[in-house]
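The values are calculated or read from the model by the stated rules, or taken from the named source; none is laboratory data. Source: prediction; values computed, not measured. Backbone-built Cβ (ideal geometry, glycine too); neighbour counts: all protein chains shown. Quick note on the areas: whole protein, heavy atoms, side chains included, nothing else; ligands and nucleic acids left out. Shrake-Rupley method; radii C 1.70, N 1.55, O 1.52, S 1.80 Å.
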Amino acid sequence: MGVADVQKAMRKLVAAFDELGIPYAIVGAMALNEYGYRRVTVDVDVLLTRESLQRFKDHWLGRGYVEKFPGSRGLRDAELGVTIDVLVTGDYPGDGQPKPVQFPDPAAVAIRSGGLALIPLAKLVEMKLASGISSPQRMKDLTDVFELIRHAKPGRDLSEALDPSVRDKYTELWDMAQVPDPMPG
């Protein structure tokens with residue numbers, strides 16, 4: 001399974017959502033890629049409501065998609081072998097504990113770009129910061145924001161669009177990203 005398979009799986013998944021009229025937003029590494037920070041990934045992360053996830057399962061399970069395990073929110077593209085991780089509206093990033101940042105409703109926030117519904121940049125950054133701050137095991141989410149700042153160059157003022165609980169971490173990472181790498185590679 002390569003990058004092309006993950007990209008193909010994402011396009012296939014998006015077509016399945018569109019066929020059923022299910023609101024969704026691509027999140028995670030695939031969204032980072034769309035915003036200009038190329039990160040290799042082996043799965044597709046998508047934001048859905050609980051109802052939409054159930055509707056998708058009712059229609060597509062056994063018809064190209066399987067659950068990672070019975071009752072799982074995670075799915076797998078049976079043809080391509082690509083894992084699909086589902087984030088659910090109302091849940092909390094990182095440690096899963098209540099916090100000011102929750103996964104939003106894709107119908108309310110998703111933006112269309114290049115045939116995809118994407119999580120807006122500010123929401124993606126906000127979710128990754130909340131995840132990385134609350135869970136040491138999710139440190140890569142903070143690294144993703146740092147690398148996104150270095151590669152896509154969002155302004156420091158993006159912090160104004162973020163929840164106050166994650167603003168300071170964004171400006172800290174933004175400031176760090178402005179320091180030239182002493183050992184360019």
Legend entry - So Val46, is it touching a strand residue (DSSP E or B) at 6+ places or on another chain (Cβ under 8 Å), open to solvent by less than 10 Å² (accessible area, probe 1.4 Å) and in a helix (DSSP H, G or I): no
Legend entry - Residue list for the stretch 109-153, restricted to those being out of contact with any Pro (no Cβ under 7 Å at 6 or more places or on another chain), without any contact (Cβ under 8 Å) to a residue 40 or more places away in the chain and surrounded by 20 or more Cβ atoms within 10 Å (Cβ to Cβ): Lys128, Gly132, Ile133, Val145, Ile149
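Take the residues in the stretch 54-66 that are within 21 Å of the chain's Cα centre (by Cα) and either of a type in the set (S, T, N, Q) or within 14 Å of Glu19 (Cα to Cα) (or both); name whichever of them is least open to solvent (accessible area, probe 1.4 Å).
First pass over the stretch 54-66, keeping only residues within 21 Å of the chain's Cα centre (by Cα): 54-57, 65-66.
Add one more test, that the residue is either of a type in the set (S, T, N, Q) or within 14 Å of Glu19 (Cα to Cα) (or both), and what stays is 54-57.
Values: Gln54: 92, Arg55: 112, Phe56: 1, Lys57: 21 Å².
Here the residue is Phe56.
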Inset, instruction - Would you confirm whether any residue within the stretch 80-98 is among the polar types (S, T, N, Q), assigned to a helix (DSSP H, G or I) and under 15 Å from the mean Cα position of the chain (by Cα)? - result: no
Legend entry - Residue list for the stretch 89-98, restricted to those being open to solvent by less than 50 Å² (accessible area, probe 1.4 Å) and out of contact with any Asp or Glu (no Cβ under 9 Å at 6 or more places or on another chain): Asp91, Gly96
Legend entry - Residues located in the stretch 38-62, provided they are touching a helix residue (DSSP H, G or I) at 6+ places or on another chain (Cβ under 9 Å) and either charged (D, E, K, R) or farther than 20 Å from Arg11 by Cβ (or both): Arg38, Arg39, Asp43, Asp45, Thr49, Arg55
Legend entry - Residue among Asp85, Asp43, Asp105 that is under 23 Å from Arg167 (Cα atoms) and charged (D, E, K, R): Asp105
Legend entry - Close pairs (7 angstrom Cβ cut-off, 6 or more residues apart or separate chains): among the basic types (Lys, Arg) in the stretch 162-185, assigned to a helix (DSSP H, G or I) anywhere: Arg167/Ser159; Lys169/Leu129; Lys169/Ile133
Inset, instruction - Out of the residues in the stretch 154-177 that are of a type in the set (D, E, K, R) and open to solvent by less than 60 Å² (accessible area, probe 1.4 Å), state the one that is farthest from the chain's Cα centre (by Cα). - result: Lys169
Legend entry - Elements of type helices (runs of 4 or more DSSP H) contained in the stretch 115-185, each with 1 or more residues being of a type in the set (Asp, Glu) and in contact with a Lys or Arg (Cβ under 7 Å, 6 or more places away or on another chain): 139-152
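Residues are listed down the side, and each one gets a yes or a no for (1) open to solvent by 50 Å² or more (accessible area, probe 1.4 Å); (2) in contact with a Leu (Cβ under 9 Å, 6 or more places away or on another chain); (3) in contact (Cβ under 8 Å) with a residue 12 or more places away in the chain; (4) part of a helix (DSSP H, G or I):
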{"site": "Ala9", "(1), (2), (3), (4)": "no, yes, yes, yes"}
{"site": "Ala16", "(1), (2), (3), (4)": "no, no, yes, yes"}
{"site": "Glu19", "(1), (2), (3), (4)": "yes, no, no, yes"}
{"site": "Pro23", "(1), (2), (3), (4)": "yes, yes, yes, no"}
{"site": "Ala29", "(1), (2), (3), (4)": "no, no, yes, yes"}
{"site": "Asn33", "(1), (2), (3), (4)": "no, no, no, yes"}
{"site": "Arg38", "(1), (2), (3), (4)": "yes, yes, yes, no"}
{"site": "Thr41", "(1), (2), (3), (4)": "no, yes, yes, no"}
Inset, instruction - Just one of (1) at pLDDT below 95; (2) touching a strand residue (DSSP E or B) at 6+ places or on another chain (Cβ under 9 Å) trips up Ser113, so point out which. - result: (2)
